[in-house]
Amino acid sequence: MKFRKIVVVDSCGLTLPELEKIRAYSAEPMEVYEDTPATEEEISARIGAADCVLVSWRTALTGSILKKAGSLRYIGMCCSLYDRKAANVDISAAEESGVTVKGVRDYGDEGTLEFVFSQLISLFKGYSKYKWRPQTQELKGKSIGIVGMGTLGLMVARTALHFGMEVAYFSRTRKPQIEKENISYMPLEELAAHCDVITTHLPKHTVLLTEQIFAQKKQNSVFINTSLGLTFEKDALEKWLKRDPSSFAIFDMEGAGNYIKELQETENVIVYPFTSGFTVEAKERLSVKVLENIEVFFRGSHI
């Protein structure tokens, strides 16, 4: 079984070996785009009469786009799908049109985990432009607060424990099982006031760090965001950094969102101009999972 035509609508980061295997599922020549479409009209033009579309997190497939894509029956999200509301695909609109949507999970966590701790170590030791405190510091004994206790949040928590850090977390729902691992739950305001480091690992564009939270934030502390999009109010972040010039913020490209250039020019802000979790290995894991989703689709009852 095959799709009539597959379109890779933007740069999905799929590896060549897996891309060739995916190509075999397209009866007509598969179209692969390596840039991000600028408008909905351009997205619709790329989709055309395709019945399968592969899309990264960078391109939004809205309800209006899906209504125009009358031939679609499968959307392969080449990115995480944890939360329907935060997805860049209108899942409800797709389902109403009978379109199957499949995402992937847990492909870029290792790279992001390494980024978080490499940046903390660099800042605490003064290996690059900035140094957290005048004297070199260890992670041991410092407190870290994790906002969002999914797969990656738990990986960060367990790694922090190995470094001898005090670990606390905030999540929409408490996780009694992980609290048995010496990981404490705290309300968000209390977490902000208590912890030397706050790191956010949330669904796309989930803003939890408001001016009220930053107002509670501990002096001479660190804020890290590697989520897809802002988890904070930008004005509140700027006010916090001006109010407490001994504090620091760390972002990768996705965590800085559309403000990457502006944040790069802000004092005490460290911006890594790439996606921390999108390593060679992550692309390999992603590609395998995208292919597996297609294989599962055809093994099911979707004829």
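Since every read-out is calculated from the coordinates, none of them should be taken as a lab result. Fair warning: this is a prediction, and the values are worked out from it, not measured in the lab. In this analysis, Cβ positions are derived from the backbone assuming ideal geometry, glycine residues included, and neighbour counts consider all displayed protein chains.
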Item to complete: Kindly identify segment 108-271 as rounded, prolate or oblate by the Cα gyration tensor criterion: order the square roots of the eigenvalues as a ≥ b ≥ c, call it rounded if a/c is under 1.5, otherwise compare a/b with b/c, prolate if a/b is larger, else oblate.
Response: rounded
Worksheet, complete the sentence: Ranking Q264, A87, L139 by how far each Cα lies towards the positive end of the charge dipole of the chain (+1 on Lys and Arg Cβ, -1 on Asp and Glu Cβ), the top one is L139
Discussion item. Taking the Cα centroid of segment 238-260 and of segment 48-76, what is the distance between the two, rounded to the nearest whole Å?
Written reply: 34 Å
Worksheet item: In nm, to one decimal, how far is the modelled label at R84 from the one at R172, with both set 7 Å along Cα→Cβ?
Response: 1.2 nm
Item to complete: For the chain, just give the cysteines left without a disulfide-compatible partner, judged by no other Cys Cβ under 4.7 Å.
Response: C52, C79, C195
Discussion item. Ratio of alpha-carbon Rg to the 2.2 N^0.38 Å globular estimate for the chain, to two decimals, please.
Written reply: 1.09
Discussion item. I want to check the label-to-label distance for E41 and E189. Put each point 7 Å from Cα in the C-beta direction and report it in nm to one decimal.
Written reply: 4.9 nm
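Tell me the GluC sites (Glu not before Pro) within segment 200-303 that lie in a loop according to DSSP and have at most 11 other beta-carbon atoms within 10 Å. Spell out each step's value before the answer.
Numbers: sites: E211, E233, E238, E254, E262, E265, E267, E281, E284, E292, E295; in loops: E233, E265, E267.
Here the GluC sites (Glu not before Pro) that fit, given the DSSP loop and packing criteria, are E265, E267.
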Worksheet item: For the residue pair I121 and S11, what label-to-label distance in nm results when each label sits 7 Å from Cα along the Cα-to-beta-carbon direction?
Response: 2.9 nm
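Just from its helices, what would the mean residue ellipticity at 222 nm be for the chain, if runs of 4 or more DSSP H residues each count -39500 (n - 2.57) and the sum is divided by every residue, rounded to the nearest 500 deg cm²/dmol?
On the way: 13 runs with 113 residues, N = 303.
It comes out at -10500 deg cm²/dmol, rounded to the nearest 500.
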Item to complete: Arrange the peptides 70-83, 150-163 so that the one whose residues have, on average, the most other Cβ atoms within 10 Å appears first.
Response: 70-83, 150-163
Worksheet item: By how many nm would the segment from E211 to E138 lengthen if fully extended, with 0.36 nm per residue of separation less the alpha-carbon distance?
Response: 23.3 nm
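Could you tell me which of the pairs K261/K283; K142/K239; K204/K242; K131/K204; K102/K180; K234/K289 are separated by over 32 angstrom between their Cα atoms in the structure shown?
Numbers: K261/K283 26 Å; K142/K239 24 Å; K204/K242 27 Å; K131/K204 30 Å; K102/K180 34 Å; K234/K289 34 Å.
Where the Cα-Cα span goes over 32 Å, the pairs concerned are K102/K180; K234/K289.
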Discussion item. I need the GluC sites (Glu not before Pro) found in segment 120-186, filtered to DSSP loop residues with at most 15 other beta carbons within 10 Å of theirs.
Written reply: E138, E181
Worksheet item: Can you list the residues of segment 85-126 with backbone N under 19 Å from a point 7 Å past the Cα of D244, pointing along Cα to Cβ?
Response: 120-121, 123-125
Worksheet item: Which of the helices in the chain meet the span-like rule: DSSP H, Cα axial reach of 27 Å or more, Kyte-Doolittle mean at least -0.5?
Response: 280-299
